[in-house]
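Chemist: Would you mind keeping the following structure in view while I ask a few things?
The values are calculated or read from the model by the stated rules, or taken from the named source; none is laboratory data. These numbers come from a predicted model, not from an experiment. Neighbour counts are summed over all protein chains in view; Cβ atoms, including those assigned to glycine, are modelled from backbone coordinates with ideal geometry.
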Ligand SMILES: Nc1ncnc2c1ncn2[C@@H]1O[C@H](COP(=O)(O)OP(=O)(O)OP(=O)(O)O)[C@@H](O)[C@H]1O
Ligand SMILES: [Mg+2]
């Protein structure tokens with residue numbers, strides 16, 4: 001059903017200017033992702049995972065083809081419309097957390113809500129809820145430099161989730177974490193995916209992440225090599 | 001805007017020492033500029049009020065031929081006191097002054113001077129003319145301290161005065177210094193000797209004659225008098241404004257250098273920030289800011305240095321400036337050589353306009369200096385900013 005599709009990608013090509021020539025990072029991607037999926041882009045370094053995620057996140061533009069995210073055609077958005085799409089509907093989780101170091105945990109998580117003009121009492125409640133989801137209610141006043149990597153990534157998840165976006169894009173979220181922390185945050189995200197029906201798309205080559213995915217989209221040299229759906233949810237729980 | 005201010009505030013406080021260094025440099029410019037401008041307007045105020053008190057009163061009528069810059073005109077620039085002035089003179093609201101060129105011979109050396117005949121009972125000028133009422137064998141005279149210093153005269157000294165009367169005949173008499181006053185007004189002191197008006201009129205064989213008429217009140221109407229030119233207080237103090245304006249140009253260079261240093265510090269901070277905080281910039285964009293909004297955020301952040309600086313300046317500057325206004329600033333050099341009315345100690349005067357305009361200028365300059373490097377953000381590629389790879 002068309003309406004259930006959060007992302008529709010048709011014949012996507014992305015080329016980067018390199019020196020005098022061009023480098024084709026994505027070459028003819030066709031992909032449909034439905035609401036509530038827990039999917040991952042898997043592939044070796046340089047296969048185009050981040051590039052694809054950036055375009056879906058309206059941080060970059062397609063060179064050719066169409067990418068429709070939540071009914072908006074990325075290629076036709078101006079910067080304000082793209083910013084609005086990100087602000088209202090998208091959450092990002094980065095490999096290096098990208099928290100604002102001088103702001104407290106609370107303030108970091110509150111940030112997306114400030115952009116959306118929520119009232120102070122609403123913000124208070126929503127931030128505390130989000131910190132509850134990731135199990136960090138005791139760290140509201142801490143600042144990122146005082147937290148462990150795993151805690152930082154949980155703050156980043158809370159920040160991405162606090163506004164209950166339709167879509168969360170996570171680029172190598174576990175790359176800087178040890179196994180225990182990786183499983184912890186993956187379980188957190190899996191739980192949020194099920195409870196809030198938030199769509200998650202990962203870019204990863206981490207086996208731990210891959211084991212949680214409900215759909216595995218293998219990228220190779222800028223094209224989709226394999227697209228597998230797992231019909232056995234929660235198959236792997238270490 | 002409110003959010004940007006909040007963020008900028010957090011970021012600046014978070015940046016710690018770097019912020020405070022900039023703020024201190026900037027606040028130093030604030031205080032020095034306000035102080036210097038205060039000294040200048042204090043000087044302007046003091047010069048004008050001293051001139052009013054000691055030399056020009058509330059304004060003057062000049063005999064039409066009188067030109068203070070051309071002593072040769074003095075032989076012709078006097079006339080009988082006009083009828084229109086008589087009632088004011090009787091009331092003490094106007095004083096006729098006769099000005100004559102003459103020579104004195106202190107320690108045998110000739111010195112050309114102006115003799116001003118003035119009513120010893122006058123109350124318009126602060127000159128101690130009462131001391132001209134003493135009866136001595138010689139003519140009593142008062143002089144200013146600058147004059148006393150130049151000609152090495154002290155109270156009680158007797159000196160020969162030589163002049164030409166209205167027929168051009170030389171005559172001489174002794175005068176005795178009965179008082180020395182200190183006015184800070186060179187025009188009232190340098191080469192000026194004051195003696196009683198009636199004595200000077202007798203010496204010159206010019207009864208009832210005057211060169212200028214000094215009046216008390218600025219506000220009352222001063223009619224045209226035939227043969228006399230009305231010089232308002234504003235015209236007579238114009239020279240003070242001109243000189244202070246000229247001196248202020250020199251000071252502007254100092255302001256410029258001070259501001260330049262502060263602005264270099266801010267500029268440097270901004271450039272460094274934008275380079276070092278690429279990931280943060282990318283994050284703002286990922287969270288839903290447009291690049292223009294991030295430019296705005298960084299501009300506000302830079303400009304806020306000036307706001308902090310204004311607050312810090314208020315904290316340590318206000319006591320300092322207030323203290324200065326009370327004790328004044330004593331100039332290290334000898335002010336009698338300055339060529340215009342200036343006291344050895346100047347009391348700065350700060351007007352609201354002065355403070356507000358200084359703050360606005362600094363704020364505006366800081367905003368521009370913060371904006372210029374931030375424009376670079378508008379050209380950043382968000383994905384590259386997120387990777388922190390831009391050079
Ligand atoms: N801005 C750019 N300019 C030029 N080439 C680029 C640019 N961004 C990405 N590329 C190239 O596109 C290809 C895909 O890059 P991408 O970052 O999407 O890979 P990835 O799958 O995320 O790899 P990794 O696992 O290392 O993160 C790489 O070869 C990369 O060098
Ligand atoms: Mg990548």
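Chemist: Quick one: count up the residues across the stretch B:158-211 that are out of contact with any strand residue (DSSP E or B) (no Cβ under 7 Å at 6 or more places or on another chain), outside any loop (DSSP other than H, G, I, E, B) and surrounded by 17 or more Cβ atoms within 10 Å (Cβ to Cβ).
Modeler: So the answer is 2.
Chemist: Within the stretch B:134-157, which residues are more than 31 Å from the chain's Cα centre (by Cα), at pLDDT 90 or above and over 19 Å from residue B:112 (Cβ atoms)?
Modeler: B:140, B:155, B:156
Chemist: Checking the conditions here, which among A:55, A:29 is crowded, with 22+ Cβ neighbours inside 10 Å and within 14 Å of chain B (Cβ to nearest Cβ)?
Modeler: That would be A:55, the only listed residue that is crowded, with 22+ Cβ neighbours inside 10 Å and within 14 Å of chain B (Cβ to nearest Cβ).
Chemist: Hey, among the residues in the stretch A:197-213 that are out of contact with any helix residue (DSSP H, G or I) (no Cβ under 7 Å at 6 or more places or on another chain) and away from ligand 2 (no atom under 13 Å from the Cβ), which one's farthest from residue A:70 (Cα to Cα)?
Modeler: Checked the stretch A:197-213; the qualifying residue farthest from residue A:70 (Cα to Cα) is A:207.
Chemist: Can you tell me which residue in the stretch A:74-93 is nearest to ligand 2 (Cβ to nearest atom), limited to those that are farther than 16 Å from residue B:289 by Cα and out of contact with any strand residue (DSSP E or B) (no Cβ under 6 Å at 6 or more places or on another chain)?
Modeler: Among those residues, the one meeting the criterion is A:75.
Chemist: Do we have any residue at all in the stretch B:265-287 that's under 42 Å from the mean Cα position of the chain (by Cα), touching a residue at least 24 places away in the same chain (Cβ under 8 Å) and within 14 Å of another protein chain (Cβ to nearest Cβ)?
Modeler: No: the stretch B:265-287 contains no residue that is under 42 Å from the mean Cα position of the chain (by Cα), touching a residue at least 24 places away in the same chain (Cβ under 8 Å) and within 14 Å of another protein chain (Cβ to nearest Cβ).
Chemist: Confirm whether residue A:206 is at pLDDT below 95 and within 16 Å of ligand 1 (Cβ to nearest atom).
Modeler: Against the criterion (at pLDDT below 95 and within 16 Å of ligand 1 (Cβ to nearest atom)), residue A:206 qualifies.
Chemist: Right, here's the next one. Which pairs do you get when a residue that is within 12 Å of chain A (Cβ to nearest Cβ), found in the stretch B:368-391, comes within reach of a residue that is modelled with pLDDT under 90 and part of a loop (DSSP other than H, G, I, E, B), reach meaning Cβ atoms under 9 angstrom, with the pair 6+ apart or on two chains?
Modeler: B:380/B:390; B:381/B:390; B:384/B:390
Chemist: Do any strands (runs of 3 or more DSSP E) lying entirely in the stretch A:11-85 carry at least 3 residues that are more than 16 Å from ligand 1 (Cβ to nearest atom) and within 30 Å of residue A:195 (Cβ to Cβ), and which ones are they?
Modeler: Values: elements: A:21-34, A:38-42, A:64-69.
Qualifying strands (runs of 3 or more DSSP E): A:21-34.
Chemist: Taking only the stretch A:13-67 into account, find how many residues are within 12 Å of ligand 2 (Cβ to nearest atom) and over 22 Å from residue B:382 (Cα atoms).
Modeler: 3
Chemist: Inspect the stretch A:150-172 for any residue being part of a loop (DSSP other than H, G, I, E, B), surrounded by 18 or more Cβ atoms within 10 Å (Cβ to Cβ) and within 16 Å of ligand 1 (Cβ to nearest atom) and give the result as yes or no.
Modeler: Yes; the residues of the stretch A:150-172 include at least one that is part of a loop (DSSP other than H, G, I, E, B), surrounded by 18 or more Cβ atoms within 10 Å (Cβ to Cβ) and within 16 Å of ligand 1 (Cβ to nearest atom).
Chemist: Just to be sure, is residue B:296 within 14 Å of chain A (Cβ to nearest Cβ), at pLDDT 90 or above and not in a helix (DSSP H, G or I)?
Modeler: Here the answer is no, as residue B:296 does not meet what is asked.
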